[in-house]
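Here the structure is laid out as C-alpha cells; the discussion comes afterwards.
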Amino acid sequence: MRRIIRNVRVLDPGDGFDAITDLGIEDGKITTRGPVAQDFQAEEILDGSGLIACPGFVESSFQGHSPGHGRDGDLASELRAAVAGGVTQVVLRPDTQPVADTPAVLQEQRLLADSLGLARVHVSGALSMGLQGQSLSEMAALQEAGALVFSQAKEPIHNAALLRLALSYAADLGLPVLLHPEDADLAAQGVMNESGLSMRLGLPGRSAAAELVGIQRDMAVAALSACPVFFPQLSTAAAVAAVQAARQRGEAVHCGVSIHHLLLSEQDVGYFNVHAKVLPPLRSLAERDALRRALAAGAITAISSDHCPWGIDREGMTFIQAPFGISAIEWLLPLTLRLVDDGLLTLMNALKLLSTGPAEALGLPSPTLQVGSAADICLFDPEAVFTLNPVSGASRGRNLPYAQWDLRGRVRYTLVGGSMVYRG
C-alpha cells in the first residue's frame with residue numbers, strides 16, 4: 001500500500017535528521033523523505049501537521065505471557081498495548097509458562113506473533129534450563145528456532161563457571177546475552193530496596209550492593225569469552241559506572257534502565273503499594289537522582305518499560321505475595337517525555353534511547369526513517385496533554401503506579417512495515 005505523510009516533523013536519531021517534510025511509503029519501505037513527487041499515487045494521505053514522526057520504539061524486556069494461563073494477558077492484548085505506545089519491536093522474556101527453553105516454545109511464540117501481525121516480535125531463548133541456572137539449554141537448537149538473544153529474564157546464574165560456559169557458547173553462535181546482574185545471596189528474598197524505609201515497613205530488603213557485586217562478576221566472566229552482554233535494567237549509578245568503565249576498555253557491554261527507576265523511588269512504595277513492586281526494586285531518591293545524572297551524561301544506552309502485566313486477581317495480595325512487575329508499555333513515550341521536560345534529555349536523545357539505543361544493544365539493525373528503510377514509524381502529538389487512566393489502556397495489566405499522572409505526548413499512528421497497526 002502507498003501512503004504519504006505530509007507536513008510532519010521528522011526526527012530521526014539514526015542520522016540526526018530534523019525537519020518538517022513529507023514521507024512517502026510503498027511496499028513497506030520509506031521511498032521518500034522530502035517532498036513527494038506529484039505523480040506518486042497514494043491510497044492514503046495522512047496530515048502530519050503538528051505531529052512528530054520517528055522510528056518505532058524497541059522494547060528490550062516484554063512479558064507477553066504466551067505461552068501462559070491467560071489471566072494476566074497474552075501476546076495479543078500486550079502487543080496491542082505496545083503498538084498503541086509506538087513500539088514496533090519487542091523482545092519476549094523467556095520466563096513464560098512453560099519457560100522458553102525448547103525450540104517448540106519459540107516456534108509457538110513466532111507463529112502466534114506472525115498471525116497477529118502487530119509489532120515485530122523477537123524471541124529469546126532461556127540461557128539455562130527452566131532459568132534455574134543448573135544446566136545450559138540447547139542453545140544452538142534455540143538459535144535455529146529463531147532466538148535473537150539468550151536471556152535469564154530476572155534470574156541470575158549463581159554458578160560462575162556455568163555462566164562462563166554459556167557466554168562462550170553464545171559468543172560462538174554470535175548472539176548477545178541479556179543478564180540480570182545480582183548476587184543471589186546478598187539479594188536474599190528482598191521485596192524492596194534495603195533501607196530504613198524497608199525496616200520501618202517490616203519488609204525484607206534487597207541490597208543495592210547485590211547489583212554491583214553481580215555486575216562486576218558478570219562483566220569479569222563476560223570478558224573471558226568476548227561475548228556481547230546487555231544489562232537491560234540497572235537500578236544503581238555504581239552499576240552503570242562499572243559498565244561505562246568496561247565500555248571504555250573496549251568490552252562489548254551495554255546497559256539500560258527502566259523508566260520506573262528514572263521517575264520513581266522507594267518512597268512510591270508508600271503504604272505497601274503493590275503497583276510499585278518491581279525488580280530490581282525502586283531505590284532511594286538519592287540513587288534515582290544519581291541514575292538520572294548518569295543518563296544525562298550519556299552513560300546509558302536504552303530506556304525500557306520493562307513491561308510485565310498482572311491481572312486484576314493480584315490486587316488482593318500483600319506486598320510480599322504480589323509478583324514483581326509494572327505494566328506501562330503503552331505510556332512509555334509520555335513518561336519518557338517527563339525527562340525531556342525536566343531538562344535531562346533533548347527530544348532527539350530521548351527518542352534515541354527508545355529506538356536506536358536498544359537496537360544497538362540487542363544487535364538489531366538501527367531503526368531509521370532514511371529512504372530504503374522499513375517503514376516502522378511512530379507518529380505522535382507532542383503537545384497532547386492527558387491524565388493517565390490505567391483502565392483506558394489496551395493491556396490487561398492494571399499494575400502501574402502512574403494513575404492520575406498528568407502527561408503529555410499521545411501516539412496517533414503506528415506503522416509496522418508500512419502497515420497501519422494503530423490509530424489513536
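The values are calculated or read from the model by the stated rules, or taken from the named source; none is laboratory data. Being a predicted model, the structure only gives us computed values, none of them experimental. Positions of Cβ are backbone-derived with ideal geometry, glycine not excepted, and every protein chain shown enters the neighbour counts. The accessibility values were calculated without ligands, DNA or RNA, using every heavy atom of the protein model including side chains. Shrake-Rupley method; radii C 1.70, N 1.55, O 1.52, S 1.80 Å.
A few points about this structure:
- Top-ranked residue of segment 6-40 - restricted to ones that are basic (Lys, Arg) and within 29 Å of the chain's Cα centre (by Cα), ranked as least open to solvent (accessible area, probe 1.4 Å): ARG33
- Out of ALA170, ALA126, sole residue that is open to solvent by less than 10 Å² (accessible area, probe 1.4 Å) and in contact with an Asp or Glu (Cβ under 7 Å, 6 or more places away or on another chain): ALA126
- Enumeration of residues in segment 280-331 that are in contact with a His (Cβ under 7 Å, 6 or more places away or on another chain), under 24 Å from ARG396 (Cβ atoms) and either assigned to a helix (DSSP H, G or I) or basic (Lys, Arg) (or both): ILE329
- When segment 315-372 is filtered for residues that are of a type in the set (Phe, Trp, Tyr) and touching a Cys at 6+ places or on another chain (Cβ under 8 Å), only PHE324 remains.
- Entirely in segment 89-154, the strands (runs of 3 or more DSSP E) that have 1 or more residues that are of a type in the set (Val, Ile, Thr): 120-122, 149-151
- For ILE259: the one exception among (1) at pLDDT 95 or above; (2) open to solvent by 10 Å² or more (accessible area, probe 1.4 Å): (2)
- Of all residues in segment 192-224, those being in a helix (DSSP H, G or I) and either of a type in the set (A, V, I, L, M) or surrounded by fewer than 18 Cβ atoms within 10 Å (Cβ to Cβ) (or both) number 19.
- Selection within segment 173-191 - in a loop (DSSP other than H, G, I, E, B), in contact (Cβ under 8 Å) with a residue 12 or more places away in the chain and open to solvent by 30 Å² or more (accessible area, probe 1.4 Å): ASP183, ALA188, GLN189
- ARG247 within 28 Å of THR336 (Cα to Cα), of a type in the set (Lys, Arg) and open to solvent by 10 Å² or more (accessible area, probe 1.4 Å): yes
- Complete set of residues in segment 57-88 that are over 10 Å from the mean Cα position of the chain (by Cα), surrounded by 24 or more Cβ atoms within 10 Å (Cβ to Cβ), on the phi < 0 side of the Ramachandran plot and outside any loop (DSSP other than H, G, I, E, B): LEU75, GLU78, LEU79, ALA81, ALA82, VAL83, THR88
- Index of the failed condition, GLY270 passing every other in (1) modelled with pLDDT of 95 or more; (2) surrounded by fewer than 22 Cβ atoms within 10 Å (Cβ to Cβ): (1)
- Any chance VAL411 is in a strand (DSSP E or B) and not charged (D, E, K, R): yes
- Residue, most open to solvent (accessible area, probe 1.4 Å), within segment 231-244, restricted to residues that are part of a helix (DSSP H, G or I) and within 18 Å of VAL278 (Cα to Cα): ALA237
- Flag if ASP381 is modelled with pLDDT of 95 or more, out of contact with any strand residue (DSSP E or B) (no Cβ under 9 Å at 6 or more places or on another chain), at negative phi and of a type in the set (D, E, K, R): no
- Subset tally (residues that are hydroxyl-bearing (Ser, Thr, Tyr) and open to solvent by 20 Å² or more (accessible area, probe 1.4 Å)) for segment 345-372: 3
- Considering (1) more than 25 Å from ARG410 (Cβ to Cβ); (2) of a type in the set (S, T, N, Q); (3) open to solvent by 10 Å² or more (accessible area, probe 1.4 Å), the lone condition that SER49 does not fulfil carries the number (1).
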